[in-house]
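Engineer: The following block contains the structure, expressed as structure tokens.
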Amino acid sequence: MAEGRQENLRVAIAGLGSIGTKIARELDRGIEGLELSAVAVRDPAKHQAFLNGLGRKPSVLAIDQLGETADIVVECAPSSQLRAIVEPAVKRGKTAVVVSVGALLENGDLIDIARANGGRIIVPTGALIGLDAVAAAAVGTIHSVKMVTRKPIDGLKGAPFIVQNNIDIDGLREPLKLFEGTAREAAKGFPANLNVAVALSLAGIGPDKTSVQIWADPTVTRNVHRIEVEADSARFSMSIENIPSENPKTGLITALSVIALLRKQRATLSVGT
């Protein structure tokens with residue numbers, strides 16, 4: 001006897017900034033096997049017009065309640081909110097899609113909590129091409145991973161590393177190397193900018209072995225990432241220039257990456273590891 005049709009997976013979104021609104025719109029338009037069930041926002045009144053414009057209005061809940069009404073909770077909030085969003089979801093055995101992956105390094109026990117309760121934490125590819133290739137190479141042996149990031153000035157303003165070291169980048173006329181170190185150190189100094197480096201490190205040889213350079217570059221208008229990987233199975237380099245979204249710290253492709261990941265959850269044909 002054939003099985004009946006699967007029920008839709010319910011998706012909740014924490015945060016309706018430049019990333020969250022795009023994901024909400026796409027879910028509202030329709031993604032196979034998924035439905036938008038709830039959102040959490042700091043100021044519901046601010047987002048009322050947007051929510052009223054959706055075909056099917058989701059519930060507006062507190063961030064720690066999203067896991068009660070959804071199978072998948074998508075974190076699109078400031079990194080300081082990561083734990084408050086992810087922990088309640090994975091404790092209930094739900095799936096958390098994490099955009100602020102840099103904050104995972106300081107909340108590593110969330111992985112243990114998810115494991116103990118049957119939950120999952122998924123990191124989307126985000127602003128980086130080739131993450132599949134890095135993950136595949138890591139099944140063998142990776143010798144080194146190096147990443148060089150160049151960002152326009154506006155995309156770096158306010159980063160803790162720049163503030164703490166009193167670096168003036170406003171008047172730059174040529175590229176300035178701000179930082180060189182590990183992905184773990186980069187995530188602390190540039191929490192809104194270097195999620196891509198942490199995702200790369202988690203797919204490959206870890207945050208303490210992944211080498212990162214960060215440049216403030218007034219000559220570029222896009223977020224530019226170049227990655228070089230040396231492994232026993234292959235040697236490869238990747239370069240991507242991401243167009244910033246309305247939030248200059250975030251690439252436009254980040255939201256699209258989450259949408260692509262969500263589409264895979266119930267897709268009949270899924271391409272990529």
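The values are calculated or read from the model by the stated rules, or taken from the named source; none is laboratory data. Source: prediction; values computed, not measured. Cβ atoms come from the backbone with ideal geometry, glycine included; neighbour counts cover every protein chain shown. What goes into the accessible areas is simple: the full protein's heavy atoms, side chains included, and nothing from ligands, DNA or RNA. Shrake-Rupley method; radii C 1.70, N 1.55, O 1.52, S 1.80 Å.
Engineer: All but one of (1) modelled with pLDDT under 95; (2) part of a helix (DSSP H, G or I) hold for residue 161, so report the exception by its number.
Structural biologist: That leaves (1) as the condition not met.
Engineer: One residue is enough: does region 73-87 have a residue meeting the conditions under 30 Å from residue 105 (Cβ atoms) and out of contact with any helix residue (DSSP H, G or I) (no Cβ under 8 Å at 6 or more places or on another chain)?
Structural biologist: yes
Engineer: May I ask you to list the residues in region 19-36 that are open to solvent by less than 20 Å² (accessible area, probe 1.4 Å), free of Cβ contacts under 8 Å to residues at least 60 places away in the same chain and in a strand (DSSP E or B)?
Structural biologist: Correct list: 36 only.
Engineer: List every residue pair whose Cβ atoms sit under 6 Å apart, with the two residues 6 or more apart in sequence or on different chains, where the first one lies in region 165-194 and is more than 16 Å from residue 155 (Cβ to Cβ) and the second, anywhere, is open to solvent by 60 Å² or more (accessible area, probe 1.4 Å) and not basic (Lys, Arg).
Structural biologist: That search, which allows pairs on different chains as well, returns 182/208; 184/208.
Engineer: Restricting attention to region 99-121, and to residues there that are aliphatic (A, V, I, L, M) and at pLDDT below 95, which single residue is most open to solvent (accessible area, probe 1.4 Å)?
Structural biologist: 105
Engineer: How do the pairs read when you match residues in region 234-253 that are free of Cβ contacts under 8 Å to residues at least 40 places away in the same chain and closer than 17 Å to residue 214 by Cβ with residues anywhere that are basic (Lys, Arg) and open to solvent by 60 Å² or more (accessible area, probe 1.4 Å), using Cβ under 7 Å and keeping only pairs 6 or more apart or on different chains?
Structural biologist: 239/226; 241/222
Engineer: Quickly run through region 239-251 and pick out the residues that are out of contact with any helix residue (DSSP H, G or I) (no Cβ under 6 Å at 6 or more places or on another chain) and open to solvent by 40 Å² or more (accessible area, probe 1.4 Å).
Structural biologist: Matches in region 239-251: 239, 241.
Engineer: Is at least one residue of region 9-17 in contact with a Lys or Arg (Cβ under 7 Å, 6 or more places away or on another chain) and open to solvent by less than 80 Å² (accessible area, probe 1.4 Å)?
Structural biologist: Scanning region 9-17 turns up at least one residue that is in contact with a Lys or Arg (Cβ under 7 Å, 6 or more places away or on another chain) and open to solvent by less than 80 Å² (accessible area, probe 1.4 Å).
Engineer: Kindly provide the set of residues from region 28-68 that are acidic (Asp, Glu) and modelled with pLDDT of 95 or more, ordered by number.
Structural biologist: 28, 35
Engineer: Out of the residues in region 73-98 that are in a loop (DSSP other than H, G, I, E, B) and not charged (D, E, K, R), which is most open to solvent (accessible area, probe 1.4 Å)?
Structural biologist: Selected residue: 78.
Engineer: Within region 4-13, is there a residue that is under 26 Å from residue 196 (Cβ atoms), of a type outside the set (A, V, I, L, M) and at pLDDT 95 or above?
Structural biologist: no
Residues are listed down the side, and each one gets a yes or a no for (1) out of contact with any strand residue (DSSP E or B) (no Cβ under 9 Å at 6 or more places or on another chain); (2) surrounded by 15 or more Cβ atoms within 10 Å (Cβ to Cβ); (3) of a type in the set (Gly, Ala, Ser):
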site: 208; (1), (2), (3): no, no, no
site: 211; (1), (2), (3): no, yes, yes
site: 216; (1), (2), (3): no, yes, yes
site: 220; (1), (2), (3): no, yes, no
site: 224; (1), (2), (3): no, yes, no
site: 258; (1), (2), (3): no, yes, no
site: 265; (1), (2), (3): no, yes, no
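Engineer: Given the criterion in contact with a strand residue (DSSP E or B) (Cβ under 7 Å, 6 or more places away or on another chain) and open to solvent by less than 10 Å² (accessible area, probe 1.4 Å), identify the matching residue among 236, 190, 179.
Structural biologist: Result: 190 is the single residue among 236, 190, 179 that is in contact with a strand residue (DSSP E or B) (Cβ under 7 Å, 6 or more places away or on another chain) and open to solvent by less than 10 Å² (accessible area, probe 1.4 Å).
Engineer: Still on this structure, please answer the following. Would you mind finding the one in 154, 132, 170 that is modelled with pLDDT under 95, within 18 Å of the chain's Cα centre (by Cα) and surrounded by fewer than 17 Cβ atoms within 10 Å (Cβ to Cβ)?
Structural biologist: Answer to the check: 132.
Engineer: Take residue 48 and decide whether it is over 19 Å from residue 259 (Cα atoms), touching a residue at least 60 places away in the same chain (Cβ under 8 Å) and open to solvent by 40 Å² or more (accessible area, probe 1.4 Å).
Structural biologist: It is false that residue 48 is over 19 Å from residue 259 (Cα atoms), touching a residue at least 60 places away in the same chain (Cβ under 8 Å) and open to solvent by 40 Å² or more (accessible area, probe 1.4 Å).
Engineer: Considering (1) open to solvent by 20 Å² or more (accessible area, probe 1.4 Å); (2) in contact with a strand residue (DSSP E or B) (Cβ under 7 Å, 6 or more places away or on another chain), say which one residue 202 fails and leave the rest.
Structural biologist: Status for residue 202: all satisfied but (2).
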